[in-house]
Amino acid sequence: MSKAVLFDGPGCIGCRACEDACKKKYGLPPIDMSGSSTGTLPAEPTTNPRTYTHPAELSAYTWIKVRQTEIDDAKGFRVINTLRKCMHCIHPACVAACPVGALQKNSDGATVYDDKKCIGCRYCMVACPFGVPTYEWDKQIPFIRKCIYCPDLLEKDQPPACVTACSKRTKCITIDDRDKQLAKAYKMIDDDAKDAAANKRDPKYINHVYGEHEVGGTNWIYLSSEPFEMLGLRTFGSQPVPADFSKVSWGGSWGDLRTSVGSEAVPTNAERAMAAVPLALPGVAVAMAGLYWVFKRKDKLGQGNASKKKEVTK
Amino acid sequence: MMQKKQSFPIGTSVLIILAALGLVVTVIRFLKGLGAVSNLSDGRPWGFWISFDLYTGVALAAGGFTMAGAVYIFNLKKFHAVVRPAILTAFLGYILVILALLVDIGAPWYIWHPMIYQNWQSPLLEVALAVMAYTAVLALEFSPAVFERLGWHAPLRAIRAIQIPLVVVGIAISTGHQSSLGSMLLMAPEALHPLWYTPILPILFLISAIAVGPAVVILESMLSTRIFGHKLGLEIQSGLAKVIPYILGIYLLLKLADLAVRGNLGLVFSAAPQNFLWWGEIIIGVILPIILLSVPKVRQSRGGVFTGALLVVLGLILNRFNASMLALAVRPGYAYFPHWMEVAISAGLVAWALLIIWLAYRFLPIASHEEEATLKNA
């Protein structure tokens, strides 16, 4: 049975206990406290010490990260917490991309990584639609790093380290079977909507479970008070390419100009192309052998004709 | 044979300096890690090495299978003189690709892993296995030159006996991985700009490789003629140049039809600044060569043929850089410009290859094979 962690965005207070628990379990450099760190490991260098945004993005030393987004609109100024981490896709692009199968999808939902197989091609980093796998650029013997869902704990039917840490605080991340979590997510949205209508307040959630359909579904699903794009989480709509080219920036994201994949799992087009290979290779070989025979024969006949002609002219 | 001055145009000393510098930087890379010598980042995990050495390198080495196919399968005997240099260049090209990948990948000591761990879903697995297999095929295809020099008749006879199967296998493998390099980018629909992202990208990559093969052979044979002063008429180059506009024509039609079918033709005018890159590769590498090389008068002049072939090569380089670097924004918020040490490693490898080609021309029966063949054809 495949598991899913449900992240209740509006319930998150940004305490970052999940980050800390993850770093402790995997021996990663702790959160940078600019010299006052009580940890035994040197902290991960950051350009933003003592803020909520260090490191600025996921890195080989930060596999789960609470990202804060400042929003100022008609509803007023507010700061929204969201999680940046591996979504554990049901059809992971990284697993499809990896030439040596160093990335694997477990039946419980975890997308795991094998140090001993990885050749370091970094194709998984290119393929991941969520921009998650990171690389140990500063190491002489580098590996791909990302959240691996604590497979050792999942095997024993225990929650991952981050979920355990959160359960002692806000319980905004919880783990259960994926279908139960989806039902729970929609019940939370419905219950809140009814309560909001009765009390004439704004609903807490938007009616969108991030990861239910995105790239074929994921084993981490999010609830949010804001549209996910506003929080910097790519949404994968099924609309065709829109015509707003002002959003294209050099070297940055293509914005809305991206080729949309909808809820289709990412590898599909590449899969289709790869399915042709076992047919195409022998096909080309047979065709070439055939052509060789044809041209050889043509040549022989041509020579035969030429010699005949010569005889005639003689 | 007339003895002429046998030095390189750019100067052997420059090549030796570049080759040495490349070695030094490679040592730094293996001591300090990828981060120390490159501007690669989590948002831009592929850079100059992948675009130049893998994508451009494999495409430019297409002269090997296109020429072998033309001569041994399609029985176009007039191109016989250029088969051996084309195969040598392709062989060195693939060695170069492998050496560059040893620098680029994080765990080069595991580069052989695709032979024991396989994920058949991955286009990169196809590329990895094919590059290994095809390098072996090219080594066998080129080995007669070495055996002739050494005067070993038994292996020479053995290779000649399997020559045609070898060529057939070489073409099949090349078709596979030239196109799989395109399939690889299909895995990044969110990152590759829609001017380049298309399900037919593998086919476009294959056709452009077939077009650039003869162009590289033209350039190489004209340069070697100039440097080593061999007698090689312009008929071969003109003959090769005549084929190029047809292949490029098919390529252009497919590319435009694909954009039209996907409803993205408008992007050609509106998606600035990427459309400039698109126009660049189309005008330089496709439209100009089609026009130039369609004119018989141009094909009869050394300058004309050379310019036409050079444009095809430049256009292809831009195309591969566009698809694998300039129009591939893997993650938002990250910028990339190659570090000088990245370029130094690639330049060093190219310098090594040129030095080896130069030595091969001097000590192996490559040129005499050419002359022999031209004499036979005459």
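Below is a table of values for the structure above.
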read-out	value
Residue check for A:Ala265: modelled with pLDDT under 70, at the interface with another protein chain (Cβ under 7 Å from one of its Cβ atoms), in contact with a helix residue (DSSP H, G or I) (Cβ under 7 Å, 6 or more places away or on another chain) and open to solvent by less than 30 Å² (accessible area, probe 1.4 Å)	no
Residue check, A:Ile119 among the aliphatic types (A, V, I, L, M), in contact (Cβ under 8 Å) with a residue 12 or more places away in the chain and part of a loop (DSSP other than H, G, I, E, B)	yes
Test for B:Ala257: is it more than 14 Å from chain A (Cβ to nearest Cβ), farther than 29 Å from B:Leu219 by Cβ and surrounded by fewer than 20 Cβ atoms within 10 Å (Cβ to Cβ)	yes
Residues (in contact with a helix residue (DSSP H, G or I) (Cβ under 7 Å, 6 or more places away or on another chain), in contact (Cβ under 8 Å) with a residue 12 or more places away in the chain and either of a type in the set (Val, Ile, Thr) or within 14 Å of chain B (Cβ to nearest Cβ) (or both)) located in the stretch A:137-163	A:Trp137, A:Pro142, A:Ile144
Which numbered condition B:Gly35 fails, given (1) in contact with a helix residue (DSSP H, G or I) (Cβ under 9 Å, 6 or more places away or on another chain); (2) within 14 Å of another protein chain (Cβ to nearest Cβ); (3) not aliphatic (A, V, I, L, M)	(1)
Evaluation of A:Val163 against (1) within 24 Å of A:Glu57 (Cα to Cα); (2) within 17 Å of the chain's Cα centre (by Cα) (one fails), failing number	(2)
Of the criteria (1) in a loop (DSSP other than H, G, I, E, B); (2) more than 22 Å from the chain's Cα centre (by Cα); (3) within 14 Å of chain A (Cβ to nearest Cβ), which one B:Pro338 fails	(2)
A:Asp176 vs. criteria of a type in the set (Asp, Glu), out of contact with any His (no Cβ under 7 Å at 6 or more places or on another chain), open to solvent by 20 Å² or more (accessible area, probe 1.4 Å) and more than 7 Å from chain B (Cβ to nearest Cβ)	yes
Condition broken by B:Asn322, with the remaining ones in (1) open to solvent by 20 Å² or more (accessible area, probe 1.4 Å); (2) closer than 23 Å to B:Met187 by Cα; (3) polar (S, T, N, Q) satisfied	(1)
Breaking point among (1) modelled with pLDDT of 80 or more; (2) more than 9 Å from every other protein chain (Cβ to nearest Cβ); (3) on the phi < 0 side of the Ramachandran plot, for A:Phe295	(2)
Candidate set from the stretch B:42-71 (those that are open to solvent by 10 Å² or more (accessible area, probe 1.4 Å) and facing chain A (nearest Cβ under 7 Å)); member that is farthest from A:Val294 (Cα to Cα)	B:Asp42
Test for B:Gly11: is it more than 14 Å from chain A (Cβ to nearest Cβ), at positive phi and modelled with pLDDT under 95	yes
Selection from the stretch B:33-61 of residues that are touching a Pro at 6+ places or on another chain (Cβ under 7 Å) and among the polar types (S, T, N, Q)	B:Asn39
Only one of B:Leu195, B:Leu166, B:Leu185 that is farther than 17 Å from B:Val212 by Cα, in contact with a strand residue (DSSP E or B) (Cβ under 7 Å, 6 or more places away or on another chain) and more than 7 Å from chain A (Cβ to nearest Cβ)	B:Leu185
Flag for B:Leu92 being in contact with a Gly (Cβ under 7 Å, 6 or more places away or on another chain) and buried (at least 18 other Cβ atoms within 10 Å of the Cβ)	no
Qualifying residue in the stretch A:28-35 (condition: within 30 Å of B:Tyr117 (Cα to Cα) and either part of a loop (DSSP other than H, G, I, E, B) or at pLDDT 95 or above (or both))	yes
Selection from the stretch B:130-144 of residues that are surrounded by 19 or more Cβ atoms within 10 Å (Cβ to Cβ) and within 11 Å of chain A (Cβ to nearest Cβ)	B:Ala130
Options B:Leu201, B:Leu181, B:Leu186, B:Leu223: the member that is buried (at least 24 other Cβ atoms within 10 Å of the Cβ) and within 25 Å of B:Leu314 (Cβ to Cβ)	B:Leu181
Long-range neighbours under 7 Å by Cβ, at least six apart or interchain, first residue in contact (Cβ under 8 Å) with a residue 24 or more places away in the chain and farther than 14 Å from A:Pro129 by Cα within the stretch B:186-200, second among the hydroxyl-bearing types (Ser, Thr, Tyr) and part of a loop (DSSP other than H, G, I, E, B)	B:Pro194/A:Thr259
Test: residue in the stretch B:232-241 that is of a type in the set (Gly, Ala, Ser) and loosely packed, with under 14 Cβ neighbours inside 10 Å	yes
Counted residues, the stretch A:85-109 - those being under 21 Å from A:Gly211 (Cβ atoms) and either more than 14 Å from every other protein chain (Cβ to nearest Cβ) or open to solvent by less than 20 Å² (accessible area, probe 1.4 Å) (or both)	16
Members of the stretch B:341-364 that are within 21 Å of B:Tyr94 (Cα to Cα) and either within 14 Å of chain A (Cβ to nearest Cβ) or in a loop (DSSP other than H, G, I, E, B) (or both)	B:Glu342, B:Leu364
Residue within the stretch A:71-82 that is within 15 Å of A:Trp220 (Cβ to Cβ), at pLDDT 95 or above, more than 9 Å from chain B (Cβ to nearest Cβ) and in contact with a strand residue (DSSP E or B) (Cβ under 8 Å, 6 or more places away or on another chain) present	no
Odd one out for A:Arg122, checked against (1) in contact with a Gly (Cβ under 8 Å, 6 or more places away or on another chain); (2) surrounded by fewer than 20 Cβ atoms within 10 Å (Cβ to Cβ); (3) closer than 30 Å to B:Phe30 by Cβ	(2)
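Results for (1) modelled with pLDDT under 85; (2) farther than 29 Å from B:Ala19 by Cβ, shown as yes or no for each residue.
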position	(1), (2)
B:Ser301	no, yes
B:Val312	no, no
B:Ile317	no, no
B:Arg320	no, no
B:Met325	no, no
B:Ala329	yes, yes
B:Ala351	no, no
B:Trp358	yes, no
B:Glu372	yes, yes
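The values are calculated or read from the model by the stated rules, or taken from the named source; none is laboratory data. The structure displayed is predicted, hence computed values, not measured ones. Please note: Cβ atoms are built from the backbone with ideal geometry, for glycine as well, and neighbour counts cover all protein chains shown. For the accessible areas, the whole protein counts, side chains as well, though only heavy atoms, and no ligand, DNA or RNA atoms are used. Shrake-Rupley method; radii C 1.70, N 1.55, O 1.52, S 1.80 Å.
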